[in-house]
Amino acid sequence: MPTHSTGAQMCVNQVTMATEGTEFMPRQTITGIWLLAVLYFVFGHLSFVVQVDNVLVTPVLFASEGIALAFALRYGPGVWPGVFAGQLALALSRGLPLLPALGISAGNSIEAVLAVVLFRALGLNTNLHRARDLSGLLALVFLVLQPFSAIVGNAILWSAGLIAAGTHLTQSWTNWWMGNSLGQILVTPLLLALFAGQRSPRQAAGDFLIPIATLVPAVIAAELLLRQTGIASIVMALVPIVIVLAIYRGLVAVCVGTMVIAAAALYATSHDFGPFVREGLAAILDLNVFLVGLALGGQFLSVFLARGREQQRVEEELRTTREQLQRTAYELTENIPVGTYVLEFDAGGNPRFTFLSERYLAMTGLKREEVMANHALALKPMQDSDRAEIERLNREVFAAKKRFFWEGEITVHGEKRQATLESVPRKLPDGRVVWEGMLTDVTERKAAAEREIQVESRHRKELETKLKTSLAAAAVAHEINQPLSAILLKSKVALGGDGDAREALSVIADEAQHVVATIEKMKTLLRSVQTEHREIDLAGVARSALLYNKGMLARHGITVHESGLDKICTIMGDDAQLQLALINILRNAAEAIEEASAKRREISIELAEHGNKVVLIVGDSGPGWSGAELAETPLTTTKKSGTGIGLYVVRTAMNNHDGELTFGRSDLGGAKLRMIFRRP
């Protein structure tokens, strides 16, 4: 026996180390082990109350084995001392000698450890929610654990001379295997289901009391009928009760009910009465087959039904969640300012609407039932001329499975509205194609865009008017200034001649000076051509100037590089005058590039902020500055066909804005003009 004890201890140590950290009992381990030992001892004695015959190993429902297996599977292999102590106390109290008692106790302890190792190796769950878990447990009991326990136990009894070889040994092994198996297949699932903790105290009480309250009267009634009629098969009337328990109460109730029937059958058979006693002899095989079949049938039925109910519960939760998500999606859909729809094409290409939002119906004036029944009615609000185009687009995008987009006019309750219709396809595994789309009313957006175009056009006309006025004034000044300059020069020369000539020339000089003064007044007037300063977006002014010169730049094949124009940059000023200045700068840059026949035809415009200064930089890839631009002389130019008016307008605008104008060389290789504005 020492060899068996050492092997058991080594196995226990290995499994305990592998499962270290697993919770054993709610409180202290020692308390749990002693609890198992007491239960093992008490229920062991109760099991022998219904023994069938009076031999050393009797066919009984040995509940202690079921308790030990449930504790080991639920709390780990560390419970083996409780199995050992309980079995030793039970064996000694029933008159078994010490050495065989120690051997059997060690064998049952090893059995508990072996059960845990194999159960976990098979990946089984102690909750027994799956048929795989239950069938795995039962297979371990019938094919591994109890054959092992019966072999070890009977070998110990035989070696001690307590069982004779031959028939008695075979009968003893069979009784041991069957009694322990019944105890484990009935008690272990019962306790594991209770350990799962998924029942309220009220449910657990019902699972115990209802089978007892139902089957005890049924067993008594069956006994009375059996005594009166002698029909042994009357016991089969108890089977439907177990089935009903499996359907409505579950695994715990089935185990309790089967134990009630097993206890009654064993008790009756042990007293030479009942359906399993024939001619005064107990039909042990029939008894065992009946009890095992009743237990397995009821347990598997309860597990299958519980699995079905769990699956149904999960499906119900999923359905509830899906409906909630659909409601949420519907509410979100109804609260966005567009109408939404879902158009589905089956595998054969037949369309039908599966969803139309309330807003879609309100925007189109259609009725849901009619459109659902006839998808073609969705085109009713469109113009006759647009329907053919929409149908053509539908055929095209359906064949290519690409995005659909249409923009046009719809008529709703006699009112014409502008709308867009767009959708995207989504192919389903079964061959269907779902188009999820939206209808957007763009009437106000179109009107706003039209108003913006009108404002831009009016603004452009104002700029053109100012430009013409400025250019006219500058041109007049230029035309007057050139001959007057010559007159002044000749008059000063003539002043050195005779007296009469001197007097005449003096008059000419006075008149010429008067004309010059007039020109200066015109220049002053030109500088004052501005509106009151207000807060403006300089980036927007630059974009407007680019838009104004877009056609001219395109004709010259010039590429424009923008930087910083995508952000708002506010200053105080006159947007019309600054836009006019920028238009002239861009035009001068384009003309310079054209005259130089530059290979690179590029203009850069950059807007940046530096503290309280805002800098707008325009560069080009032309020939660059000649130096004449640094002079403050009005209307100076170096271009062949230039008049100097453009730069003069720029200088005037910067003066009116208290700005600074600097000249340099651009990174593109040509001229660079920096317009510096100071914020107040």
Check your understanding: From the residues in the stretch 136-171 that are over 55 Å from the mean Cα position of the chain (by Cα), open to solvent by less than 10 Å² (accessible area, probe 1.4 Å) and in contact (Cβ under 8 Å) with a residue 40 or more places away in the chain, which one is farthest from Leu291 (Cα to Cα)?
Key -> Leu157
Study note, to complete from the structure: The correct count of residues that are of a type outside the set (S, T, N, Q), without any contact (Cβ under 8 Å) to a residue 12 or more places away in the chain and under 28 Å from Arg327 (Cβ atoms) in the stretch 346-389 is 5
Revision key, fill the gap. The condition of being surrounded by fewer than 20 Cβ atoms within 10 Å (Cβ to Cβ), of a type in the set (Gly, Ala, Ser) and in contact (Cβ under 8 Å) with a residue 60 or more places away in the chain holds, among Ala85, Ala106, Ala131, Ala89, only for Ala131
Review point. Within the stretch 268-319, how many residues are within 25 Å of Arg130 (Cα to Cα), without any contact (Cβ under 8 Å) to a residue 12 or more places away in the chain and open to solvent by 60 Å² or more (accessible area, probe 1.4 Å)?
Key: 10
Check your understanding: Within the stretch 387-425, restricting attention to residues that are of a type in the set (Phe, Trp, Tyr) and open to solvent by less than 40 Å² (accessible area, probe 1.4 Å), which residue is farthest from Thr443 (Cα to Cα)?
Key -> Phe404
**Study point:** Pair list, Cβ < 9 Å and 6+ apart or interchain, from the stretch 544-568 residues that are part of a helix (DSSP H, G or I) to residues that are modelled with pLDDT of 90 or more and of a type in the set (Ser, Thr, Tyr)
**Key:** Leu553/Thr559
**Study point:** Unique match (being closer than 14 Å to Val342 by Cβ and loosely packed, with under 15 Cβ neighbours inside 10 Å) among Leu361, Leu439, Leu428
**Key:** Leu428
Study note, to complete from the structure: The lone condition Ala264 fails out of (1) surrounded by 16 or more Cβ atoms within 10 Å (Cβ to Cβ); (2) closer than 17 Å to Ala204 by Cα is (2)
Check your understanding: Quick one: Gly365 ticks every box in (1) on the phi > 0 side of the Ramachandran plot; (2) out of contact with any Lys or Arg (no Cβ under 9 Å at 6 or more places or on another chain); (3) small (Gly, Ala, Ser) bar one, so which box is it?
Key -> (2)
Check your understanding: Within the stretch 396-423, can you find the residues that are of a type in the set (A, V, I, L, M) and more than 19 Å from Arg359 (Cα to Cα)?
Key -> Val397, Ala399, Ala400
Review point. Do you know which residues across the stretch 364-386 are acidic (Asp, Glu) and either within 35 Å of the chain's Cα centre (by Cα) or exposed (fewer than 15 other Cβ atoms within 10 Å of the Cβ) (or both)?
Key: Glu369, Glu370, Asp384
Review point. Of all residues in the stretch 569-593, how many are part of a strand (DSSP E or B) and of a type in the set (Gly, Ala, Ser)?
Key: 1
Review point. Going through the stretch 111-128 one residue at a time, which ones are out of contact with any Cys (no Cβ under 6 Å at 6 or more places or on another chain), part of a helix (DSSP H, G or I), open to solvent by less than 40 Å² (accessible area, probe 1.4 Å) and not charged (D, E, K, R)?
Key: Ala112, Ala115, Val116, Phe119
Study note, to complete from the structure: Listed by first then second residue, the pairs whose first member lies in the stretch 400-423 and is in a loop (DSSP other than H, G, I, E, B), whose partner is surrounded by 13 or more Cβ atoms within 10 Å (Cβ to Cβ), with beta carbons under 6 Å and at least 6 positions apart or on separate chains, are Lys401/Pro425; Arg403/Val424; His413/Gly365
**Study point:** Close pairs from the stretch 247-267: first of a type in the set (A, V, I, L, M, F, W, C), partner outside any helix (DSSP H, G or I) and crowded, with 20+ Cβ neighbours inside 10 Å, Cβ under 6 Å, at least 6 apart
**Key:** Ala262/Leu61
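Condition check ((1) within 52 Å of the chain's Cα centre (by Cα); (2) open to solvent by less than 30 Å² (accessible area, probe 1.4 Å); (3) not hydrophobic (A, V, I, L, M, F, W, C)) across all residues:
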{"position": "Asp537", "(1), (2), (3)": "yes, no, yes"}
{"position": "Arg543", "(1), (2), (3)": "yes, no, yes"}
{"position": "Lys550", "(1), (2), (3)": "yes, no, yes"}
{"position": "Ala554", "(1), (2), (3)": "yes, no, no"}
{"position": "Gly557", "(1), (2), (3)": "yes, no, yes"}
{"position": "Val560", "(1), (2), (3)": "yes, no, no"}
{"position": "Thr570", "(1), (2), (3)": "yes, no, yes"}
{"position": "Gly573", "(1), (2), (3)": "yes, yes, yes"}
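The values are calculated or read from the model by the stated rules, or taken from the named source; none is laboratory data. All figures in this text were calculated on a predicted structure; none of them were measured in a lab. Quick reminder, even Gly has a Cβ in these numbers, built from the backbone with ideal geometry, and neighbours come from all protein chains shown. The accessibility values were calculated without ligands, DNA or RNA, using every heavy atom of the protein model including side chains. Shrake-Rupley method; radii C 1.70, N 1.55, O 1.52, S 1.80 Å.
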